[in-house]
Amino acid sequence: MRPKIVAGNWKMNNDLQQGRELAESIKALQGEIPEPVNVIVAPPFIHLADIGRTIADTRLKLAAQNCATEEKGAFTGEVSAEMVRSTGAQYVIIGHSERRSYYQETDQVVYQKIEQALRNDLFPIVCVGEKLEQREADQYFSVVAEQLEKSVFQLSAEDFGRIIIAYEPVWAIGTGKTATPDQAQQMHRFIREKIEENYSSKAANNTAILYGGSCKPSNAEDLFAQPDIDGGLIGGASLKSRDFIQISQSFTL
Ligand code: PEP
């Protein structure tokens, strides 16, 4: 069966001391995480090594929020997938809508980052999702299909086996406006069908597809009860340890 995952994207929040405190308080609550649920924290790059040490030997796993398209060299300010891996991180978020819109990341860039992540033994958490105007114009399926085709569907079946997908409708991120469980389920089902078309029914069954967009303790249970939703990528609510842990307890097990 595919894994159940709750990943917290801290974005550009918390200085090092605050980040440490948040990691410590999540760690203190880790005994409350239900056994089959994988909980991942994604602090800013600069905190990775430190927080990696804090959560070593716990059930918590570490992710970066991004990585470079290139392997190494004269790319001032960039952080390579190899550097991310060397901090103990096992996952990396790639293609978040904030990267796509504020830093002009195209599907081609997303693909290059996925390749770097895979080469360095990281599990990519690849974000896809439509903007509000695309939802309103009924283009959401075609937008997501194109994002998948130009990025993860370029991979071999073996490499695709390491991919986690996060469906994050852009209009629901940080807005307090969540996709309804039906809307999210419909898209997750669609993504799973596309995986089956491109790879196999086994790949479709085994791929974890997370929902992201104003997911919080009050709506996580209804979202996670959907058959094709395998967990969440959580922004705002991951900055409060109690809320974050409560979300991890929202699966019907
Ligand atoms: C995110 O940034 O991936 C996200 C889902 O944010 P929020 O939960 O704050 O909407």
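The values are calculated or read from the model by the stated rules, or taken from the named source; none is laboratory data. Fair warning: this is a prediction, and the values are worked out from it, not measured in the lab. As a convention, Cβ positions derive from the backbone with ideal geometry for all residues, glycine included, and neighbour counts pool all protein chains shown. The area values use the complete protein model at the heavy-atom level, side chains included, leaving out ligands, DNA and RNA. Shrake-Rupley method; radii C 1.70, N 1.55, O 1.52, S 1.80 Å.
Quick look at the numbers
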{"read-out": "Qualifying residue in segment 34-45 (condition: open to solvent by 40 Å² or more (accessible area, probe 1.4 Å) and over 17 Å from the mean Cα position of the chain (by Cα))", "value": "yes"}
{"read-out": "Of the criteria (1) at pLDDT 95 or above; (2) surrounded by fewer than 18 Cβ atoms within 10 Å (Cβ to Cβ), which one residue 160 fails", "value": "(2)"}
{"read-out": "Helices (runs of 4 or more DSSP H) wholly inside segment 192-253 that include at least 2 residues being under 27 Å from residue 21 (Cβ atoms)", "value": "217-224, 241-248"}
{"read-out": "Residues of segment 79-118 satisfying the condition of being closer than 29 Å to residue 171 by Cα, open to solvent by 40 Å² or more (accessible area, probe 1.4 Å) and touching an Asp or Glu at 6+ places or on another chain (Cβ under 7 Å)", "value": "99"}
{"read-out": "Residue identified as in contact with a strand residue (DSSP E or B) (Cβ under 6 Å, 6 or more places away or on another chain) and more than 11 Å from the ligand (Cβ to nearest atom) among 159, 222, 230, 182", "value": "230"}
{"read-out": "Residue in segment 22-32 that is in contact with a Gly (Cβ under 9 Å, 6 or more places away or on another chain), buried (at least 18 other Cβ atoms within 10 Å of the Cβ) and under 20 Å from residue 116 (Cα atoms) present", "value": "no"}
